[in-house]
Amino acid sequence: MIKSYIPRVIAVNDLSGFGRVSLTESIPILSAMGVEVCPLPTAILSTHTYHFKDYTFCDLTEEMPKILNHWQSLDINFDGICTGYMGSARQIEILATFIKTQKKPGFLTVIDPVLGDNALSEAETVYYDRMNDLLCAMKKFVTLADVITPNLTEACLLLDIPFPDGPISDNDLFDIMEKLSALGPKCIAVTSVMTGDNKMCVGVLDKTKNEPAILDCSYVKRPFHGTGDIFAAVLTGALLRGCDMLSASQMAVDFVRDAISETMKHPDIKIEHGSVFEPNMAKFFSVRFAKETERR
Ligand code: PXL
């Protein structure tokens, strides 16, 4: 059921000026989905940290509690929070404290446990710079989430299991999602999962319905940077607009697929420039939400 009122969400992520990640994706996407976004930047960077050297990094940890305190003094009603890249473990603590004060029925907490991505390097797990020490804090943090959106690398890190050295079976994926939901979150979407040669999928589990699903993504053999952030933003927006976990995940898969095919039309755009989501965004969401509204 699509809600006609405008949900309000706190988007916690870094602001990387160049490279299409985090807030430069979640703010426009959530706005295009009819959701009011209140950005809480964790850091300001000149670019994201993948492939770029000498990027600037301004940590905003000390600003975060001040911003949250001001919002609380204004008695603003938030419908949810979505979190992505964290600059430090201390930031996770600050947010955990805030989320505990907001927890009430209907308040949605989506945590994207940004830690690394095996798909970005062929041979070994890439830990994003500054990320190693965050794993312990992240393991505790995800227990507060309603929804988590790890990629398969992050799922393995959260569960302390090795990253599989080849495609995994549907049952192994279901098992991973069950174990993740045992940590606390009712809904899980595991992205970037190879379930066969040239077969890339997203696993979805909604514990309230107990129907795990595997959504097929068309596979293109090269990384598309920033797609995890796009996926999490679309999923959050769709959930806040009243979609259930499965249709919200499908919408996110479809939107990422469109961004990937758009990116491939621009050979001058390098991997680190991110995925081209802008040209189709307005049309995609106006058509999707028109359809959802008709179905009511
Ligand atoms: O989307 C992941 C991400 C977010 N923010 C920053 C990053 C990355 C991945 O490289 O460097 C700053």
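The values are calculated or read from the model by the stated rules, or taken from the named source; none is laboratory data. Because the structure is a prediction, the values reported are computed rather than measured. No Cβ is skipped: glycine too gets one built from the backbone with ideal geometry, and neighbour counts run over all protein chains shown. Just so you know, the surface numbers come from the protein's heavy atoms only, side chains and all, with ligands and any DNA or RNA stripped out. Shrake-Rupley method; radii C 1.70, N 1.55, O 1.52, S 1.80 Å.
Do you know which residues across region 1-30 are over 23 Å from residue 88 (Cβ atoms), surrounded by 17 or more Cβ atoms within 10 Å (Cβ to Cβ) and at pLDDT 95 or above? Selection gives 7, 20, 29, 30. Beta carbons closer than 7 Å, at least 6 apart along the sequence or on distinct chains, pair a first residue in region 214-243 that is within 16 Å of the ligand (Cβ to nearest atom) with a second that is among the basic types (Lys, Arg) and open to solvent by 10 Å² or more (accessible area, probe 1.4 Å) for 226/20.
Exactly one residue out of 171, 151 is open to solvent by 20 Å² or more (accessible area, probe 1.4 Å) and either modelled with pLDDT of 90 or more or more than 16 Å from the ligand (Cβ to nearest atom) (or both), and it is 171. Looking across 205, 158, 215, one residue alone is touching a strand residue (DSSP E or B) at 6+ places or on another chain (Cβ under 9 Å) and either part of a helix (DSSP H, G or I) or open to solvent by 20 Å² or more (accessible area, probe 1.4 Å) (or both). It is 158. Within region 13-37, residues that are farther than 19 Å from residue 108 by Cβ reach partners that are of a type in the set (Val, Ile, Thr) with beta carbons closer than 6 Å, at six or more positions or on different chains, in the pairs 14/42; 15/44; 16/47; 18/47; 19/47.
The residue of region 43-63 that is nearest to the ligand (Cβ to nearest atom), among those that are aliphatic (A, V, I, L, M) and over 14 Å from residue 274 (Cβ atoms), is 43. Within region 256-263, can one find any residue that is closer than 15 Å to residue 202 by Cβ, in contact (Cβ under 8 Å) with a residue 40 or more places away in the chain and either open to solvent by less than 50 Å² (accessible area, probe 1.4 Å) or of a type in the set (Lys, Arg) (or both)? Within region 256-263, one or more residues are closer than 15 Å to residue 202 by Cβ, in contact (Cβ under 8 Å) with a residue 40 or more places away in the chain and either open to solvent by less than 50 Å² (accessible area, probe 1.4 Å) or of a type in the set (Lys, Arg) (or both).
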